[in-house]
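As structure tokens, the structure follows; a few thoughts come after it.
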Amino acid sequence: METKTQIQEAIKVQGGVVRKLKSEKASKEQIDEEVAKLLELKAQLGGDDGKNQFVLKTPKGTRDYNPKQMAIREKVFNTIIGCFKRHGAETIDTPVFELKETLTGKYGEDSKLIYDLKDQGGELLSLRYDLTVPFARYLAMNKITNIKRYHIAKVYRRDNPAMTRGRYREFYQCDFDIAGQYDAMIPDAECLKIVHEILSALELGDFRIKVNDRRILDGMFAVCGVPDDKFRTICSTVDKLDKMSWEDVKKEMVVEKGLSEEAADQIGQYVSMQGGMDLAERLLQDPKMSQSKQACAGLSDIKLLFSYLQLFQVTDKVVFDLSLARGLDYYTGVIYEAVLTQAGVAPVANDTQNGAEENVSVGSVAGGGRYDGLVGMFDPKGRKVPCVGVSIGIERIFSIMEQKAEALAEKVRTTEVQVMVASAQKNLLEERLRLVTELWNAGVKAEVMYKKNPKLLSQLQHCEEAGIPLVAILGEQELKDGVVKLRVVATREEVDVSRADVISEIKRRTSEA
């Protein structure tokens with residue numbers, strides 16, 4: 001146990017860290033993380049009564065969202081849901097926790113990140129890690145063989161959080177999946193079209209959608225001399241190429257995972273390749289790759305995929321990239337990942353020279369692929385339901401949208417109130433409440449101040465601060481004349497409208513806005 005003096009010394013040091021970050025104008029998340037550490041240290045000292053002080057903070061890897069942030073989130077969700085619905089998807093929901101055995105063995109090396117819960121009522125449970133495995137369990141359990149569904153919900157990962165880079169322990173996933181037996185590559189191409197539509201609509205900046213196929217990777221590993229039992233572990237190392245240099249990836253393969261240097265070098269030649277349909281054609285003629293039936297099947301499908309992507313008008317953003325591996329174990333065919341690129345520059349694969357600093361990708365914002373074997377793992381008779389899907393990385397998108405709003409000093413409206421019912425004189429509370437009730441009953445989004453006699457100026461100021469476009473003003477003269485004074489907040493223009501027509505006039509003006 002640390003002594004009181006040691007804790008006080010640690011508090012002094014941590015206080016210095018917080019002050020330094022504030023003076024350097026570090027990000028809010030970074031400062032909050034260090035402040036939380038400071039509060040934990042102070043709590044260890046305890047109060048005067050010897051009891052520990054209660055620390056007010058959110059758990060590690062989680063955050064609260066204020067009304068402004070929630071308004072941005074809602075806008076993003078509406079864009080995504082609108083796209084999913086446009087493509088004919090229906091929605092489902094599944095429990096936030098599953099039986100532990102449902103999730104075990106489905107995520108490869110990432111399985112260690114699953115949150116296990118304490119034994120409750122004789123069942124071993126875990127918090128869901130993604131929405132794909134629960135979806136496969138749902139299909140098998142309900143004997144569903146055809147569905148196009150979307151699901152937006154929170155998932156949980158016992159990760160080492162790096163909140164400044166958009167890595168959380170609790171976060172939303174937005175999934176779109178097509179389950180069913182269809183002709184090759186048509187549903188797969190539609191998933192890529194959806195990613196293209198969403199990223200274009202959100203205006204996040206330039207992006208690239210990298211495409212590969214698990215069969216091509218497995219075929220490549222086989223012809224390069226990777227032993228069968230090392231396919232998955234080598235695949236998860238290749239998946240780190242977007243974060244690590246080729247030298248470090250090779251070192252992990254050879255030193256940590258025992259792959260021969262010759263095999264690693266051969267893999268290195270292939271994973272540096274990028275292109276389109278032409279690259280798939282070239283690899284089909286490659287003396288080594290053409291030896292693998294698996295790789296040839298994958299390459300033929302990539303060619304077919306690109307022909308559909310041309311019809312969907314999205315090939316400008318899609319690149320066939322042999323370094324793309326995606327670490328999850330359940331993928332069986334086409335895999336893809338969308339990355340945002342800085343300053344509109346596409347990332348150059350494994351480029352460590354010539355100003356590669358400018359060519360680093362901002363990060364993955366969507367990913368997915370084909371997983372034809374997952375439903376069969378849950379079906380008692382092993383019946384397979386082919387599936388393909390995509391997951392939108394919503395937290396990264398939120399971070400970018402928030403930064404954009406801050407940088408442009410955008411005024412984000414946190415309510416949808418269309419009109420404020422205000423009074424110009426005292427003793428008109430009852431009249432205001434009558435009018436606001438009429439508006440609510442007619443489906444108008446309206447608000448009234450919770451004061452008997454508010455000043456007109458403070459009511460108008462509230463409208464300007466909250467971005468409310470209209471004010472319906474009641475005064476003694478207006479009541480005598482049977483009218484309501486309608487004021488446009490932005491222009492300050494005022495017009496008298498008869499009480500009978502006020503609802504239709506407000507609806508007309510707000511629908512035009």
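Summary table
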| read-out | value |
| --- | --- |
| Relative contact order %, the chain, counting alpha carbon pairs below 8 Å whose residues are six or more apart | 13 percent |
| Global geometry of the stretch 373-513, whether rounded, prolate or oblate, following the gyration tensor of its Cα atoms and the 1.5 cut on a/c | prolate |
| Longest DSSP-loop-exposure-free segment, chymotrypsin sites (Phe, Trp or Tyr not before Pro), the chain, at most 12 other Cβ within 10 Å | 66-449 |
| Whole-Å semi-axes of the ellipsoid equivalent to the chain (Cα gyration tensor, √5λ, descending) | 51, 32, 24 |
| Entries of Lys106/Lys230; Lys68/Lys451; Lys60/Lys411; Lys154/Lys317; Lys75/Lys154 with Cα pairs more than 20 Å apart | Lys68/Lys451; Lys60/Lys411; Lys154/Lys317 |
| Over 32 Å (Cα to Cα) - which of Lys148/Lys257; Lys455/Lys480; Lys20/Lys251 fall in this group | Lys148/Lys257; Lys20/Lys251 |
| Enclosed volume per residue, in Å³, of the convex hull spanned by Cα atoms of the stretch 1-122 | 253 Å³ |
| For Thr58, solvent-accessible area (1.4 Å; no DNA, RNA or ligand), Å² | 50 Å² |
| Heavy-atom accessible surface of the chain: percent carbon and sulfur, 1.4 Å | 50 percent |
| Cα long-axis angle, helix 261-271 against the chain (0 to 90 degrees, to the nearest 10) | 50 degrees |
| Shape category assigned to the stretch 143-210 from the gyration tensor of Cα positions, a/c cut at 1.5 | oblate |
| Accessible area per residue in Å² at 1.4 Å probe, computed on the chain | 52 Å² |
| Cα convex hull of the stretch 4-49, projected area averaged across orientations, nm² | 3.2 nm² |
| Radius ratio Rg over Rh of the stretch 245-329, counting only Cα atoms, Kirkwood formula for Rh | 1.03 |
| Accessible surface of Asp206 - all protein chains present, 1.4 Å probe, nearest 10 Å² | 30 Å² |
| Cα point-scatterer Debye curve for the stretch 446-513, base-10 log of I(q)/I(0) at q = 0.12, 0.13, 0.19, 0.25 Å⁻¹ | -0.31, -0.36, -0.80, -1.29 |
| Heavy-atom accessible area ranking, 1.4 Å probe, most first, across Ser511, Ser423 | Ser511, Ser423 |
| Sequence-separation-based contact order of the stretch 419-512, relative, with Cα cut under 8 Å and 6+ spacing, percent | 28 percent |
| Arg169 - accessible surface, heavy atoms, 1.4 Å probe, Å² rounded to 10 | 50 Å² |
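The values are calculated or read from the model by the stated rules, or taken from the named source; none is laboratory data. Note that the coordinates shown come from a computational prediction; the quantities given were computed from them, not determined experimentally. Please note: Cβ atoms are built from the backbone with ideal geometry, for glycine as well, and neighbour counts cover all protein chains shown. These accessible areas exclude ligands, DNA and RNA; they are computed on the full protein's heavy atoms, side chains included. Shrake-Rupley method; radii C 1.70, N 1.55, O 1.52, S 1.80 Å.
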